[in-house]
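Peer 1: Just dropping this structure here.
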Amino acid sequence: MNEQNRRVALVTGGSRGIGLGVAKCLAAAEFDVVINGRRAADDVAEALAELESLGAATLYCQADIGNLEDHARMLSEIRDRLGRLDVLVNNAGVAPDVRSDLLEATPDSFDRLITINLRGPYFLTQAAAKWMIEQRQADAEFQAAIINVSSVSATEASINRGDYCISKAGVAMATQLWAARLGEYGIPVFEIRPGVIRTDMTAGVTDKYDKMLAEGLTVEPRWGVPEDIGRAVTVLATGQLTYATGAVLPVDGGMTVRRL
């Protein structure tokens, strides 16, 4: 059990990139933090130590979000070790192994991205929501939140990675669906849409985006960083945005602002 009965957040894909930025911001906001990933525990020791230095009790759950059998095991481990789950941040996701034009796209790549980016978080939300409802029914003061990290690609078409765009558009609709379904239990569901964020996922296209940013891709002329997303998640996780379930929060430096 977490010693001070502090709120607990699960951040999928939380050992690096955007997920680690989110986890650090939540730890600084006095959450205990569970991070998930597919790497061996030894490979995430540094990330866990960093979170613990911020005062958080931590737990690492090695699991594949695309594998539904892993969901029950992961939630059971959280229940046994920390006793509660207040916030789920569906952040884990993958980019295509190869960016392919729509006319050359493969079913294998499509299936992989839908499984990990959409099907996995959709059913993890289902499982986590049932536990959150149970906690809310046992304690009227229990305050939960579910936050989906999608992408500007939910609405911005990239013809060389259609599978990624479709998976993120699905996350956008899943957010609306879960917000509608969980409203009666007082569990808000939100979506955050990152823009161009500097992570290992974007490392291979640094030159491309450096050029686009220099040419005015965004209103704020810089790369985003994981902590930009982390701060936005923390606002939602701590209940500072009320009467707003289903809200979509772009964190993209103004990339999607329509300009003449």
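No value in this document is a laboratory result; all are computed from the given coordinates. Keep in mind it's a predicted model, so treat the numbers as computed, not measured. Virtual Cβ from ideal backbone geometry, glycine too; neighbours counted across all protein chains shown.
Peer 1: Going by how many other beta carbons lie within 10 Å of each one, how would you line up Met74, Met201, fewest first?
Peer 2: The most exposed by this proxy come first: Met201, Met74.
Peer 1: Identify, among Leu85, Tyr60, Met74, the residue whose Cα sits farthest towards the positive end of the charge dipole of region 51-108, taking +1 on the Cβ of Lys and Arg and -1 on the Cβ of Asp and Glu, with the dipole about the Cα centre.
Peer 2: Ranked along the dipole, the leading option is Leu85.
Peer 1: Which of the aspartates and glutamates could a cross-linker span from Lys24 if the Cα-Cα distance has to be under 12 Å and same-chain partners fewer than 8 positions apart are dropped?
Peer 2: Lys24 reaches Asp32, Glu50, Glu52, Glu227, Asp228.
Peer 1: About its Cα centre, how strong a charge dipole does region 25-107 have in debye, to the nearest 20, once Lys and Arg get +1 and Asp and Glu get -1 at the Cβ?
Peer 2: 220 debye
Peer 1: Place +1 on the Cβ of every Lys and Arg and -1 on the Cβ of every Asp and Glu in region 110-193, take the dipole about the Cα centre, and give the residue among Ile133, Ala154, Gln176 whose Cα lies farthest towards its positive end.
Peer 2: Ala154
Peer 1: What order do you get for Asp200, Asp64, Asp43 when you list them from fewest to most C-beta neighbours inside 10 Å?
Peer 2: Taking fewest neighbouring Cβ atoms as first place, the list is Asp200, Asp43, Asp64.
Peer 1: On to the next question. With Cβ to Cβ distances under 11 Å as the rule, what net charge do the other residues near Ala172 carry (K, R +1; D, E -1)?
Peer 2: Here the count lands on +1.
Peer 1: With the cut-off at 1.5 for a/c, could you classify region 37-134 from its C-alpha gyration tensor as rounded, prolate or oblate?
Peer 2: It is oblate, given that a/c is not under 1.5 and a/b is not larger than b/c.
Peer 1: What's the magnitude of the charge dipole for the chain around its Cα centre, counting Lys and Arg as +1 and Asp and Glu as -1 at the beta-carbon? Answer in Debye, nearest 20.
Peer 2: With Lys and Arg at +1 and Asp and Glu at -1, about 520 debye.
Peer 1: Right, next: Taking the chain as a Gaussian network, Cα atoms linked when under 10 Å apart, which of Val94, Val233, Val205 shows the biggest mean-square fluctuation?
Peer 2: With Cα springs under 10 Å in the chain, the top fluctuation among Val94, Val233, Val205 is at Val205.
Peer 1: Among Leu51, Leu124, Leu85, rank each residue by its count of other Cβ atoms within 10 Å, from fewest to most, as a rough exposure measure.
Peer 2: Lowest count first: Leu85, Leu124, Leu51.
Peer 1: How many nm is it between the label spots at Ala247 and Leu68, if each spot is 7 Å from the Cα in line with the beta carbon?
Peer 2: It works out to 3.3 nm between the two label points.
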